[in-house]
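Report on the structure given below.
All of the numbers you see were taken from the coordinates with simple rules; none came from a lab. These figures come from a predicted structure and were not determined experimentally. For neighbour counting, all protein chains shown are included, and Cβ atoms are generated from backbone atoms with ideal geometry for every residue, glycine included.
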Amino acid sequence: MPRCVDGFVLPVPRKNADAYRRMARRAGKIWREHGALEYVECVADDVKPGKHTSFPQSVKLRPDEVVWFSWIVFRSRRHRDRVNAKVLADPRIAGSMDAKRLPFDPRRMIHGGFETRVDL
């Protein structure tokens, strides 16, 4: 059965990098507690604007921001849906979802679920 991956690309102001990292660590622990197989957060160190599209262009990156690329791995789509429902009901996550208090602009975050096709 193919695994399922939730992927995210988002801009984080450089001044908020430590706050974002702390938030991501807490969130990752919660996702893992509820059954996620992996939780990974990466900061860009070699992404350039492209001629037509790129990571910076996709999130309308500003000069004082950096792109983060992240993913969460699940056994299947059904497993993903069960884990995410538990996470979203967890008061530790629910209490931290106020868009005004997040260390990034959630309106410019790109996210979606993907079914794996190649996994070596």
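Worth a mention:
- Derived scalar couplings ³J(HN,Hα) [segment 69-76; Karplus, 6.51 cos²θ - 1.76 cosθ + 1.60; whole Hz; x for Gly, Pro]: 10, 9, 8, 10, 10, 10, 5, 6
- Between residue 97 and residue 120, the FRET efficiency estimated from the beta carbon spacing at R0 = 41 angstrom works out to 0.70.
- Here the residues 88, 61, ranked from fewest to most Cβ neighbours within 10 Å of their Cβ, fall in the order 88, 61.
- Taking Rg and Dmax of the Cα atoms in Å as calculated from this structure, the corresponding entry among [x] 14.9, 43; [y] 15.4, 51; [z] 13.2, 38 is [x].
- Peptides 73-83, 43-53, 99-109 ordered by average Cβ neighbours within 10 Å, highest first: 73-83, 99-109, 43-53
- Cross-link pairs beyond the 25 Å C-alpha cut-off, checked among 29/100; 48/86; 15/60: 48/86
- Computed helical MRE - 222 nm, the chain, DSSP H runs ≥ 4 contributing -39500 (n - 2.57), nearest 500: -9000 deg cm²/dmol
- Dipole magnitude (debye, nearest 20) for segment 4-115, charges at Cβ of Lys, Arg, Asp, Glu: 240
- Residue-wise HN-Hα couplings along segment 26-42, as the Karplus relation 6.51 cos²θ - 1.76 cosθ + 1.60 with θ = phi - 60° gives them from phi, are 4, 4, x, 4, 5, 4, 5, 4, 8, x, 4, 7, 9, 9, 10, 10, 10 Hz; Gly and Pro carry x.
- Taking a point 7 Å from the Cα of residue 109 along the Cα-to-Cβ direction, the residues of segment 72-88 with backbone N closer than 20 Å to it are 72-74, 80-88.
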